[in-house]
């Protein structure tokens, strides 16, 4: 894991994650360009997100079965071609279908993460994952600005064509930069159907995976609830701001790009649990700060920005701790472990968005903050009551035989076959 390769993999994560989000900023341009309504054009974003969920389930486990370099290059190549096809789509139905295909194959970040965990030494794994997460965060935050600006200048097709060309160039660069062997353990020979069922088996047999998934599901649920309802607060009577204000508040989260590598280094030095504790306390504290930011005015907006930044940093730091813990469980199953973990997280996020809207309808912004505090408290209670299970004692290795022609199983004989015969 060289510095140059880590930078290239971080860029891969940024492009992969940004592909999911950049269509959100050009939905009105798509509607105007294809002569349809904005609500209908929003189905492009929905199709991409659904495809991404399908891709995590169907393709990420292949990282344990196939060599990493050809798998990653093939996914990026397909995504690049699909983005170019989307930029040439003549009608909205065609664009929706192609967007679904883009979502399925743009799972590069989820393939890179376990691959990088295998390439990095154990004492630097948290720092490497933190750097990759910074790339994903940057892609998520900057993709909307990139597509919106380019779309205003050159039309809605330009962001798709530019993203497609960039993705194909990235695939070509990774062909040369990635080592031929990108995993510590050799690829498994499990049939594909059994590979898809493996994440469920791992959830049943690995308690640390369930614990990490529970932390991620609860925190990401609160995170999604806040960001789903934040536009309602900012554009409502308390603030009366326009939609661009939401994007400006979101850009503040770019500060997490500097915080996540630091959190990864702390994980390397002190372990995942202390970082988890700090992240959960930070999430709980952000609920109080966000509640104070619901009063309106310039002071309230400043407090609101501080609360969202604290929530972003806490969520991302907790994810680094969780992923480091999960990847340490089994070197030969990191792709399947990541599939189970990310499925936990995305299910929590989906439920959190739904609960956030219900809480906002019942109690307004204070109800959303109360929901965030409740979810953080559940995760914190689980963390404080956790008792690490004792590790099984290692069996002493058998000593090799001192006499005779036979060697023990602990040390196979190196005598040539002809001599032994």
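Below is a table of values for the structure above.
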read-out	value
Residue, nearest to the chain's Cα centre (by Cα), within segment 81-110, restricted to residues that are assigned to a loop (DSSP other than H, G, I, E, B) and closer than 21 Å to residue 151 by Cβ	106
Some residue of segment 308-328 being on the phi < 0 side of the Ramachandran plot, touching a residue at least 12 places away in the same chain (Cβ under 8 Å) and not in a helix (DSSP H, G or I)	yes
Those residues of segment 57-72 which are surrounded by fewer than 19 Cβ atoms within 10 Å (Cβ to Cβ) and in a helix (DSSP H, G or I), in sequence order	57, 58, 69, 70
Residue in segment 197-204 that is in contact with a helix residue (DSSP H, G or I) (Cβ under 8 Å, 6 or more places away or on another chain), at pLDDT 75 or above, crowded, with 22+ Cβ neighbours inside 10 Å and in the same structural domain as residue 74 (by TED's automatic domain parsing) present	no
Among the residues listed as 42, 86, the single one being crowded, with 18+ Cβ neighbours inside 10 Å and in contact with a helix residue (DSSP H, G or I) (Cβ under 6 Å, 6 or more places away or on another chain)	86
Pairs, first farther than 12 Å from residue 49 by Cβ and not assigned by TED's automatic domain parsing to the domain that holds residue 35 in segment 84-105, second assigned to a loop (DSSP other than H, G, I, E, B) and modelled with pLDDT of 90 or more, C-beta under 6 Å, six or more apart	none
Failed criterion for residue 139 (all others in (1) modelled with pLDDT under 80; (2) in a helix (DSSP H, G or I); (3) more than 30 Å from residue 295 (Cα to Cα) hold)	(1)
Among the candidates 247, 242, residue that is surrounded by fewer than 18 Cβ atoms within 10 Å (Cβ to Cβ), modelled with pLDDT under 90 and in contact with a helix residue (DSSP H, G or I) (Cβ under 8 Å, 6 or more places away or on another chain)	247
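The values are calculated or read from the model by the stated rules, or taken from the named source; none is laboratory data. What you are looking at is a predicted structure, and each value in this text was computed from that prediction instead of being measured. Neighbour counts run over all protein chains shown; Cβ positions are idealised from the backbone, glycine included.
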